[in-house]
Amino acid sequence: MRIGVLTGGGDCPGLNAVIRAVARRAIKTYDWDVIGIKNGWQGLIKGHSEPISLYTVSGILHRGGTLLGTSRTNPVEDRDAWSKVKHHLKKYSIDALIAVGGEDTLSVALKLHQDGFPVVGVPKTIDNDIRGTDFTFGFNTAVSIVTEAIDRLHTTAESHHRIMVVEVMGRHSGWIAVHSGIAGGADAILIPEVPFEMDDLCNQLKKRHENKNFSIVVVSEGAKLKGEEHILQSEKKDAFGHVRLGGVGRVLADVIEEKTGIETRLTVLGHTQRGGSPTAYDRILATRFGVRAVDAVKKKDFGKMVALRAEKIITVKLEEAVLKNKVVDMDFYEIAELFFG
Ligand code: F6P
């Protein structure tokens with residue numbers, strides 16, 4: 001038996017922990033061969049792969065990024081690319097594939113499953129926006145990084161009596177903003193799920209500054225003004241049709257300063273949220289996902305994704321996971337709002 005493993009989409013702390021766990025379970029428990037596909041689906045188009053041994057995965061648990069490399073390649077639309085994927089799966093004698101990725105990578109995995117190839121998915125994204133699982137690994141690390149940044153911004157904001165706008169990742173959903181905003185004591189949190197009015201926000205900040213002399217505003221890159229579209233960094237689209245977000249923080253900081261008359265600064269945390277070592281929580285979750293993904297292959301539980309539900313690792317249908325994004329639970333937002341102003 002030989003299994004393939006690939007990591008696709010944006011990188012995320014914990015990917016190496018998954019690869020390590022997949023190798024351990026497959027080699028030590030089942031005596032299977034493991035082959036690593038380089039750079040996500042691109043590796044199956046171009047035929048780039050490497051055998052994975054216990055030696056390959058030794059010492060990688062704490063390392064960020066992915067030793068296999070990643071890309072945002074979509075082989076589904078292009079017939080030639082799709083037939084190359086099938087060709088290389090056959091050429092490498094891969095009996096089953098473990099695809100570690102977000103909604104895009106998992107939607108390609110679903111297509112492969114629908115075409116009759118045995119696939120198991122592992123949900124990955126710092127955004128925590130995949131349906132079917134309580135959490136994705138990488139999210140806890142991103143929240144810790146943002147919380148630390150907010151703590152640091154607090155002291156400088158307070159000293160200079162400024163408003164600090166912090167732009168964080170979160171394309172479709174504001175999970176990172178809401179969790180780190182609660183943890184960091186944000187005075188306003190703007191997320192894609194709750195379009196905002198600029199005047200309301202500025203009035204809220206002005207009112208706060210009658211008693212306090214600084215504020216922290218956390219904004220998801222995907223947050224929108226009521227009735228308006230996303231603010232984009234670039235119109236250019238990736239292979240899955242996503243435009244490049246980022247820029248809402250700049251607009252917000254400028255307008256807040258103009259409308260409130262209070263000095264305002266912007267911090268865009270960007271890819272620092274995705275880099276570096278995973279937290280202990282993410283290492284454990286990624287390890288559990290990796291081990292149970294191999295167990296799902298053993299049980300022939302294909303077309304599924306491993307998922308965390310009420311502390312247990314289960315499997316859910318890939319169809320269910322990629323149907324739509326998981327948006328922020330408004331119970332969290334309601335708790336965050338209590339501390340605004
Ligand atoms: O997919 C997760 C994510 O972190 C999004 O929040 C963000 O829009 C995107 O990745 C940016 O990724 P990249 O710059 O690698 O295309």
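Filtered by the rule that a residue be β-branched (Val, Ile, Thr) and under 15 Å from the mean Cα position of the chain (by Cα), the range 260-307 gives THR272, THR279. Scanning the range 98-132 for residues that are over 20 Å from ASN16 (Cα atoms) and not aliphatic (A, V, I, L, M) yields a total of 11.
For every residue, the table says whether it meets (1) surrounded by 15 or more Cβ atoms within 10 Å (Cβ to Cβ); (2) in a helix (DSSP H, G or I).
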{"position": "ILE256", "(1), (2)": "yes, yes"}
{"position": "LYS259", "(1), (2)": "yes, yes"}
{"position": "HIS271", "(1), (2)": "no, yes"}
{"position": "ARG288", "(1), (2)": "yes, yes"}
{"position": "LYS324", "(1), (2)": "no, no"}
{"position": "VAL328", "(1), (2)": "yes, no"}
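Any residue at all in the range 88-99 that is closer than 28 Å to SER173 by Cα, of a type in the set (D, E, K, R) and either touching a residue at least 24 places away in the same chain (Cβ under 8 Å) or not assigned by TED's automatic domain parsing to the domain that holds PHE240 (or both)?
If we filter the range 88-99 for residues that are closer than 28 Å to SER173 by Cα, which is where we start, we get 98-99.
Subset that is of a type in the set (D, E, K, R): none.
No, the range 88-99 has no match at all.
The residue that is farthest from ASP95 (Cα to Cα), counting only those in the range 330-341 that are in contact with a helix residue (DSSP H, G or I) (Cβ under 8 Å, 6 or more places away or on another chain) and outside any helix (DSSP H, G or I), is GLY341. Each residue in the range 152-205 was checked for being in contact with a Gly (Cβ under 6 Å, 6 or more places away or on another chain), closer than 16 Å to ARG265 by Cβ and surrounded by fewer than 21 Cβ atoms within 10 Å (Cβ to Cβ), and 0 pass.
Name the residues in the range 305-322 that are among the charged types (D, E, K, R) and either buried (at least 19 other Cβ atoms within 10 Å of the Cβ) or not in a strand (DSSP E or B) (or both), would you? Residues satisfying the conditions are GLU311, GLU319, GLU320. Regarding GLU77, is this residue in contact with a Gly (Cβ under 7 Å, 6 or more places away or on another chain), assigned by TED's automatic domain parsing to the domain that holds ARG292 and of a type in the set (Asp, Glu)? No.
Considering only the range 150-180, state which residues are in a helix (DSSP H, G or I), within 16 Å of the ligand (Cβ to nearest atom) and closer than 26 Å to GLY261 by Cβ.
Within the range 150-180, ALA177 is the sole residue that qualifies.
The values are calculated or read from the model by the stated rules, or taken from the named source; none is laboratory data. The structure displayed is predicted, hence computed values, not measured ones. Please note: Cβ atoms are built from the backbone with ideal geometry, for glycine as well, and neighbour counts cover all protein chains shown.
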